[in-house]
Amino acid sequence: MNKKKIKIIFIGTSKFAAYHLKGLIQNAYTISCIITKPDTYANRGYKLTFNPIKKIALKYKINILQPKNLHSISLIKKISNYKCDIIIVVDYGLLIPNIILNIPKIFCMNVHASLLPRWRGAAPIQRALLANDLKTGISIIKINDFLDQGDIIYQMEYSILLYDTYGSVYKKLAILGLQGLLLILNKISKGKQIKLKSQNINIIKPTYAKKISKTECKLDWKLPAKKLECMIRAFNPKPGTFFFIKKKRFKVWQAEVIANLNNNNYIDKKPGTILSANKYGIQINTINGILNIQIIQPSGKKQMNIQNFLNDNQYKNLFKKDYVIT
């Protein structure tokens with residue numbers, strides 16, 4: 001089967017999905033139809049906004065469907081009429097009903113940003129960083145009736161670097177996901193058999209990556225410094241970690257862990273105590289270890305390195321030694 005003759009329906013919503021869709025188009029694959037979520041009202045002006053997938057559909061003049069749900073008879077008829085070979089799902093946000101899974105001639109597959117069965121669910125990259133995992137990766141699976149539990153078609157590992165953030169891992173896994181997707185489609189176009197393997201839950205314990213809530217993003221100094229540092233990386237660039245000092249809100253974008261020094265002046269301090277604020281950072285005591293904040297953002301301002309931040313007297317006077325942040 002020539003790759004131009006493979007009829008694909010693409011289902012997705014986010015920038016992560018858009019990277020894959022654009023890659024397919026640039027590699028001359030035929031996208032018969034795109035399915036994405038309905039338009040939303042966003043931003044301060046409450047303007048109607050298009051998600052990244054719809055913008056690509058409009059640019060390349062590809063048929064687009066934006067159903068509120070995937071169960072209507074009219075939608076299923078429309079999808080069936082395309083007589084597609086493959087449905088590709090990337091970061092759509094809703095389960096695909098079984099009646100749609102059975103429509104394509106070959107199969108319905110999903111690109112997921114984790115090494116399944118670890119981190120099934122909505123926020124796999126952020127949960128991997130929060131857990132301080134040493135590796136993550138991409139899994140491409142044949143979709144079944146259950147959330148991220150289908151047989152594996154393709155997997156590729158990525159070793160998480162010391163300073164990786166949600167943003168940096170997101171971009172790297174998008175590249176790996178597209179590479180895997182193109183590899184699979186190339187095999188199909190050449191008539192090669194696609195091998196499937198079940199998710200081995202006996203070797204890798206399944207974990208669930210629930211959606212991130214804003215309440216998780218507040219820095220709690222009663223947590224270990226390493227946990228806080230993982231939070232800062234996992235929520236960068238969104239939604240961002242924060243704390244309050246004298247009712248003023250500050251977001252933290254970069255920090256490092258300093259081990260507790262063998263010094264009672266540090267050990268006896270309460271969690272949240274400012275130990276020092278200098279050009280190297282703001283050192284805050286935690287239940288275990290010291291968190292050194294390096295890049296900070298006051299509410300309504302841009303991100304600043306600590307040296308520039310402390311040059312402003314209003315902030316310098318707030319972050320005085322021995323003040324306890326609650």
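The values are calculated or read from the model by the stated rules, or taken from the named source; none is laboratory data. Nothing here was measured: the structure is a model prediction, and the numbers come from that model. Note: ideal-geometry Cβ built from the backbone for every residue, glycine included; neighbour counts use all protein chains shown.
Evaluate the range 177-192: report whether one residue or more is in the same structural domain as Cys84 (by TED's automatic domain parsing), surrounded by fewer than 15 Cβ atoms within 10 Å (Cβ to Cβ) and under 20 Å from the mean Cα position of the chain (by Cα).
So far as the range 177-192 goes, yes, one or more of its residues are in the same structural domain as Cys84 (by TED's automatic domain parsing), surrounded by fewer than 15 Cβ atoms within 10 Å (Cβ to Cβ) and under 20 Å from the mean Cα position of the chain (by Cα).
Suppose we keep only residues that are buried (at least 20 other Cβ atoms within 10 Å of the Cβ) and among the acidic types (Asp, Glu) within the range 134-164. Which one would you say is farthest from the chain's Cα centre (by Cα)?
Applying the filter and picking the extreme gives Asp148.
Here are some conditions: (1) assigned to a loop (DSSP other than H, G, I, E, B); (2) closer than 30 Å to Lys214 by Cα; (3) in contact with a strand residue (DSSP E or B) (Cβ under 8 Å, 6 or more places away or on another chain). Pro104 meets all but one. Which one does it not meet?
Checking Pro104 against (1) assigned to a loop (DSSP other than H, G, I, E, B); (2) closer than 30 Å to Lys214 by Cα; (3) in contact with a strand residue (DSSP E or B) (Cβ under 8 Å, 6 or more places away or on another chain), the one that fails is (2).
With the structure loaded, tell me whether Phe244 is farther than 25 Å from Ser114 by Cβ, surrounded by 15 or more Cβ atoms within 10 Å (Cβ to Cβ), touching a strand residue (DSSP E or B) at 6+ places or on another chain (Cβ under 8 Å) and not polar (S, T, N, Q) or whether it fails that test.
no
Consider the range 1-60. How many of its residues are aromatic (Phe, Trp, Tyr) and free of Cβ contacts under 8 Å to residues at least 12 places away in the same chain?
Of the residues in that region, 3 qualify.
Does Val324 satisfy the criteria of being at pLDDT 95 or above, among the hydrophobic types (A, V, I, L, M, F, W, C) and more than 26 Å from the chain's Cα centre (by Cα)?
yes
Hey, can you tell me all the residues within the range 135-152 that are in contact with a helix residue (DSSP H, G or I) (Cβ under 6 Å, 6 or more places away or on another chain) and in a strand (DSSP E or B)?
Across the range 135-152, the qualifying residues are Thr136, Ile138, Ile140.
In the range 118-133, what residues are over 19 Å from Asn200 (Cβ atoms) and assigned to a loop (DSSP other than H, G, I, E, B)?
If the condition is that a residue be over 19 Å from Asn200 (Cβ atoms) and assigned to a loop (DSSP other than H, G, I, E, B), then Ala122, Ala123, Ala131, Asn132 are the ones that fit.
So, restricting to helices (runs of 4 or more DSSP H) that lie completely within the range 210-326, which ones have at least 1 residues that are of a type in the set (Gly, Ala, Ser)?
Here the list reads 225-234.
Taking Ala225 as the residue in question, decide whether it is aliphatic (A, V, I, L, M), crowded, with 16+ Cβ neighbours inside 10 Å and assigned by TED's automatic domain parsing to the domain that holds Lys135.
For Ala225, the condition - aliphatic (A, V, I, L, M), crowded, with 16+ Cβ neighbours inside 10 Å and assigned by TED's automatic domain parsing to the domain that holds Lys135 - is not met.
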